[in-house]
1. Note down the magnitude of the dipole of region 285-339 about its Cα centre, charges +1 on Lys and Arg C-beta and -1 on Asp and Glu C-beta and zero elsewhere, to the nearest 20 debye.
2. For the chain, build the charge dipole from Cβ charges (+1 Lys, Arg; -1 Asp, Glu) around the Cα centre, then report which of V668, N737, Y394 sits farthest towards its positive end.
3. For the pair N150 and N730, how long in nm is the line joining their label points, each one 7 Å along Cα→Cβ?
4. Take the alpha carbon gyration tensor of region 477-563, find the square roots of its eigenvalues, order them as a ≥ b ≥ c, and report rounded if a/c is under 1.5; if not, report prolate when a/b exceeds b/c, else oblate.
5. Taking R0 as 30 Å, what's the FRET efficiency between K208 and W994 from their Cβ-Cβ distance, rounded to 0.05?
6. Magnitude of the Cβ-charge dipole of region 505-663, K/R +1 and D/E -1, about the Cα centre, nearest 20 debye?
7. Any aspartates and glutamates with Cα under 12 Å of the K134 Cα? List them, leaving off those in the same chain fewer than 8 positions away.
8. For a 23 Å ceiling on Cα separation, which of these pairs sit above it: K637/K681; K217/K914; K287/K442?
Amino acid sequence: MKQLKKALSFTLALALAISSVAPLSTSANTSLASWTPVGSSNAAIDVTDATQGITIPDIVLGTASLSFEKEYPKVGEAFPVMVGDGTLTDDVTYDWTIDGKTVSTTDSYTPIAQDLEKMLTVTVSMNGLELGSKSVLISNVMVVYIDTENNASITSKETYINGSFQLQGNSFYNTTNTTLYNGAMEIRGRGNSTWGLNKNPYKIKLEKSTDLLGFGKSKHWVLIANYMDESHMRNKLAYDLSQDMGMPSMQSAYVELVLNGEYVGLYQLCEQVRISDTRVNTFDWSKVSESVAKKIVAANPAALTTNDQTAIEDQMNTEMSWMTSKTLEYKGVSYNVADYYKDLPDADGGFLIELDEYWDEVSKFKTSSGQPIQISEPEYLATDSEAFTNLSDYIQDFEDGVRAYDFYSPSVNKSYTELADMDSVIKTWLVNEIFFNTETCKKSFYMYKDINRPLSFGPVWDMDWSANSDISSSETNFPTKWMTIERSSSAQAESWYKYMIKDPYFALKAREAYQEFSTQIQDLTAPGKDMDQLYAYIQTAANANYALGTDGVRSTKKDFAGQVSTLRTFLTKRLAWLDAQFSSVDTLYTSLQGSDENTLASQISLSADSTASGTTATVTVDSMKDAAKAAFYVNGKKVSTEALAADTATASIPSEMLINDTTKDNIVTVYILDSSDQPVKAIVPVIRTVTLPYGGSYQISEDVNVYATEYEIFKNAAAPIPLTGSLTLNGTAKAGNTLTAVLSASNITGIPAYQWFADRQEISGANGSTYQVRAEDLGKTLYVSVSSTIESGSVNSVSTNPVTAADVQYADLIIHQIYGGGNAGSNPVSHDFIEIYNPSLSPVDLKGYKISYLSNRAGKAGSTGGLPVMLELTGTIPSHTSFLIRCKEETTTTSFRYMVSAFDQEWNQTIDNKQYSISLLKGTQFIDGVSVNEAPVEGPALADGFISKQFTARRNAFSDKDNNVTDFVAISYLDISDENLAASRPRSLSDGIWGLSDSSPDPGNDDSELTDIEKFIQRLYNKVLSRTAEPEGMTYYNDLLVGN
């Protein structure tokens, strides 16, 4: 063996000498049999020919790539490197270096504290021949390695360039607890004022949608440079506070960026603001385009191809008149969009909106006050003039309400509190005020509108010009002032918040929010809390970023600790001042009025009387010119207008307008009107104190035009109102199906609480708005009840018909469950396994059936180098019975949670714990398949991180929708309860018939209203699409057509 290795080394050296090239480059897909020298334009050298016919075993010609055996280097822990699959060890030497100095010559190195923020490089040689080198940054935070194609520079904010993206984990984020990424991506620049600085921000588009760090699946991410925030904390603190307050927020984590081999500093890896279930959760019109395009092509296989599918989708995304016309024209054919998308909504929502003075999007308009509004998604909304006009009118109505004396839009007779989600309006204002964000209602101010929903504010974004950052100190270093009042740059001069703060109801809701989240707000600066934790976590990385000078931070006047101290000082003063302002609603409202304090209120007396029998409000005016009527409003909504009699008017307040909670505050506001229903107002002198930035103050007298108005706060003493409404159930009561409870026409103001019942008995743990029908529900009737945290009583749905099992049967086998431990150690299951299930009514002879397995995960026990290995199956599987293939034995340091003792066939094959493609074949015909992080076999492949040595991939209620993502769920065998283990464990022939009482396989049509022939075409289309690259694809297509 050693002679063969030396012969191989000689051959490689000879090839190198002939080629006159530099040492060899290794990569994840490079083998000794085909290497490309570094810097060479020559083709790969085939050393197999150079050995003159000598057969060199796989142990020698195995994968020659270098890989680290651990995910990330950690101080005090050995960090080993492996050559190929680990079998190539003789005559291999190692040289570990830091700053050009050798620190180890063994196969591992143990970092010390002084190594943090340094690049560790290992060079591996065999018999003097350099096999390759690999580098890693030693860091406490995560590291992103980006390599662009041909080391191309990133110079554009519009044009992507190709590259690779690898996220190196750390103690907090790693593959044992979350999802990382190592694969292809595209990258471009991003930002407005931040682009083109010494340290640039970037937009990342991953090759495949990934649940990165558990933040939610997406291809789209950003790297925030924080170049103008030398503390690196403002964005992170604000985004996390937003999340703590229940707002839509962009989750983020600190990373260090190594770009094309060069360290470029500390960044914030963050979700991009965009429409998705886990980001801005509103209706997504792009999904309509995708779905409709797919279904149109599927329904017209003779005339349209996958190229047409892409073209239709692109057309729908850029010419969007179909949103309101419901009609699409393509290649001279007119399609009714509603025929291809069930329950297509009206186009009154599904919009991500940005108020930004750059005003550089395709679809944009300005309000009557000059607010620059643009539509981020859908980008081409303006191509549907009706939908675009409706949205611009809606926002104008909102603005009109904000600017009206009584906060009611005259054109729609609605308050701004009805046109916008008040909770989001208040929370967005509060976060921006806490940080004194000088760009509030000026730049990067996001809003969104969902279908049949009011306008919502958020998510909070772009906080580097806030909280006395170095670049913004002249605008933001005012910890004892209101940002809303002080800032009037550009669009801010007519900021909606400048008007909303004059509404007493706004002050009431703002104080409620401040009190509700006071702990989270104070934790910003509390000892041992947010700032302290972030400082301890990123200190070393931030100092390394500072060491880059102005390539790392905009200002080097202070070090990292000094910049954090500046932020802490500002926030400490700010929160102390805010505490005082929020001490009561009266204090807050007075403070927010600034120079516009209503001196006419002294001529108005308002009271509210709430008893168990009802609530009234009474106003009395004193010698007020032109006063003829009083308009009453409660909690932001109009009650009535009453004539003044003897300077007094009384209004009865309907109970449904009050907060149905005796502990909560209500607020009644009154406006004094003249005989023409116009508000009474007067110009009155006001003395205003002006505080100078560096100490001292002076007073000025101003004439202010004020309305005659007053407010009163009271509690509702009436008994709680009974809950009303209609509760319906959507879905069919079949085992495995999901039922959804829908509450409509309800007076609910509290938080709904659900309870599901089977035969009038509570179902333990079934407390959500949806319920998946269980096997044990067969024959029982189901219903759901909903109650409220505020309203009394409950509302019940009608009962379903008795639960039945699905009556659909398939004529062939399905893969039911797969476990791969990957020989990773400490596995909870004793053996890898593959479970096959027969859902048909007849037994299936396994003659001609085989399992195909492959894995491209180089250097791992389960790797096949991307080449499939086969197992011929034997035996017969009776109807509704499982057949269990027991694979390679695993190891553990404690005890196995599950022992695979009963099985039907054995296979000495390791199944990888992170990446594989497994197919069930009959001859060359594809029957079923599962792919994890490999090329798709049925619908999209399961994402990287879906499984691990702790998880199996198990079919979800026998679902077979030809879509791995919807058909399979991950089941943990590590901490599984005995009850769940008994239900989820793999079955074998010895278990006999099972599954009849669970759910028969679900055919998985997206549209239950499809005809039988449409279902067939859809299924045929999906099957053929997933096999266009397979040699047997056309055979499979022909077989389906003739009914085989």
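Laboratory data are not the source of any read-out in this text; all were calculated from the coordinates shown. No experiment lies behind these values; they were computed from the predicted model shown. Neighbour counts are summed over all protein chains in view; Cβ atoms, including those assigned to glycine, are modelled from backbone coordinates with ideal geometry.
1. The calculated dipole for region 285-339 is roughly 140 debye.
2. The residue sitting farthest along the positive end of the dipole is N737.
3. 5.1
4. Oblate shape, in that a/c is at least 1.5 and b/c is the bigger or equal ratio.
5. For K208 and W994, the calculated efficiency is 0.30.
6. Once rounded to the nearest 20, the dipole reads 620 debye.
7. Output for K134: D95.
8. Values: K637/K681 21 Å; K217/K914 17 Å; K287/K442 31 Å.
K287/K442, as the Cα separations exceed 23 Å there.
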